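A short reminder: the numbers here are calculations on the coordinates, not readings from a lab. Everything quoted here is computed from the prediction, not taken from an experiment. Neighbour counts are summed over all protein chains in view; Cβ atoms, including those assigned to glycine, are modelled from backbone coordinates with ideal geometry.
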């Protein structure tokens, strides 16, 4: 068992109100070197920006502000992913490339699980 990362992307690029429905997501292949680089980003708590994050699960739609470990959900702007040039894993490179192509101010929620 280890730590994994899924990112939820604001497909409206900040043009919606504070509600954020987690329908657009991508998961990284486990790579702790990559995760260390992402942890160095200037992240903010979703509660600081009054973002209300909701996601679908098997039991329906629910709002959450923390990860399964009890840590608070944080977000970064997509432009920060341009700081990472390459990883050893092709899947992670594809996820990074997608994130880099988004408008730089797009909100990306980091969901550690």
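Tabulated values for the structure
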quantity: Scan of the range 62-79 for residues that are touching a residue at least 12 places away in the same chain (Cβ under 8 Å) and either surrounded by 15 or more Cβ atoms within 10 Å (Cβ to Cβ) or assigned to a strand (DSSP E or B) (or both), ordered by number; calculated: 67, 72, 73, 74, 75, 76, 77, 78, 79
quantity: Candidate set from the range 15-26 (those that are part of a strand (DSSP E or B) and free of Cβ contacts under 8 Å to residues at least 60 places away in the same chain); member that is surrounded by the fewest Cβ atoms within 10 Å (Cβ to Cβ); calculated: 19
quantity: Every residue from the range 32-53 that is free of Cβ contacts under 8 Å to residues at least 24 places away in the same chain and either outside any loop (DSSP other than H, G, I, E, B) or on the phi > 0 side of the Ramachandran plot (or both); calculated: 36, 39
quantity: Members of the range 80-113 found to be surrounded by 12 or more Cβ atoms within 10 Å (Cβ to Cβ) and in a loop (DSSP other than H, G, I, E, B), listed by number; calculated: 84, 87, 89, 102, 104, 106
quantity: Set 56, 12, 8, 29: member being in a strand (DSSP E or B) and surrounded by 12 or more Cβ atoms within 10 Å (Cβ to Cβ); calculated: 8
quantity: Positions within the range 36-47 being closer than 15 Å to residue 93 by Cβ and within 12 Å of the chain's Cα centre (by Cα), in sequence order; calculated: 38
